[in-house]
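Worksheet: the structure to be examined is printed underneath.
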């Protein structure tokens, strides 16, 4: 169970508000301290207490700092992490919201499922599953799908004939 995840944005308030709209969630400013000024939460309000922390650009997690959050003025623009979230919106609605912010949106067929890749600030990848996309993903990775998952993954390694 994933309860929360965090990522950085150059305009945290705007990102939180648009992402909250995409996810039918609520955006609230995070307390400062302990969070850096202009940090935001996108709260689902679900039974698991799920939410996303949007930290300002340059805020990094560091064990030796107060509250575990430090500053990296030279922060790299790309990272090796992303998050996949479900949205109640349609593909067209997500695209319209993302494009209104100047965010790149890509519809990607991952062969086992289809996903919308939304590039926030052209640096942070948030993948979204619309209701039409969700069942293929769940059927692949849920408890029942695990029985045949290894075979499906190995088949992806085989070049098409």
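The values are calculated or read from the model by the stated rules, or taken from the named source; none is laboratory data. Since the model is a prediction, treat every value here as computed from it, not as a measurement. Methodologically, a virtual Cβ is constructed for each residue, glycine included, from the backbone with ideal geometry; neighbour enumeration extends over all protein chains shown.
Computed quantities for the displayed model
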quantity: Contacts under 7 angstrom Cβ, first residue in segment 1-29 being closer than 22 Å to residue 69 by Cβ, partner in a helix (DSSP H, G or I) and at pLDDT 95 or above, 6 or more apart; calculated: 9/15; 27/16; 27/17; 27/20
quantity: Residue in segment 20-29 that is touching a helix residue (DSSP H, G or I) at 6+ places or on another chain (Cβ under 8 Å), part of a helix (DSSP H, G or I) and at pLDDT 95 or above present; calculated: yes
quantity: Within segment 137-156, tally of residues that are touching a strand residue (DSSP E or B) at 6+ places or on another chain (Cβ under 9 Å) and buried (at least 16 other Cβ atoms within 10 Å of the Cβ); calculated: 1
quantity: Failed criterion for residue 122 (all others in (1) modelled with pLDDT of 90 or more; (2) outside any helix (DSSP H, G or I) hold); calculated: (1)
quantity: For residue 159: the one exception among (1) surrounded by fewer than 12 Cβ atoms within 10 Å (Cβ to Cβ); (2) within 15 Å of the chain's Cα centre (by Cα); calculated: (2)
quantity: Residue list for segment 98-118, restricted to those being surrounded by fewer than 15 Cβ atoms within 10 Å (Cβ to Cβ) and closer than 29 Å to residue 15 by Cβ; calculated: 99, 100, 102, 104, 106, 107, 108, 109, 110
quantity: Selection status of residue 56, touching a residue at least 24 places away in the same chain (Cβ under 8 Å), more than 21 Å from residue 125 (Cβ to Cβ) and either in contact with a helix residue (DSSP H, G or I) (Cβ under 8 Å, 6 or more places away or on another chain) or surrounded by 12 or more Cβ atoms within 10 Å (Cβ to Cβ) (or both); calculated: no
quantity: Which numbered condition residue 110 fails, given (1) under 25 Å from residue 51 (Cβ atoms); (2) under 18 Å from the mean Cα position of the chain (by Cα); (3) at pLDDT below 95; calculated: (1)
quantity: Condition check for residue 94: touching a helix residue (DSSP H, G or I) at 6+ places or on another chain (Cβ under 7 Å), surrounded by 15 or more Cβ atoms within 10 Å (Cβ to Cβ), modelled with pLDDT of 95 or more and assigned to a strand (DSSP E or B); calculated: no
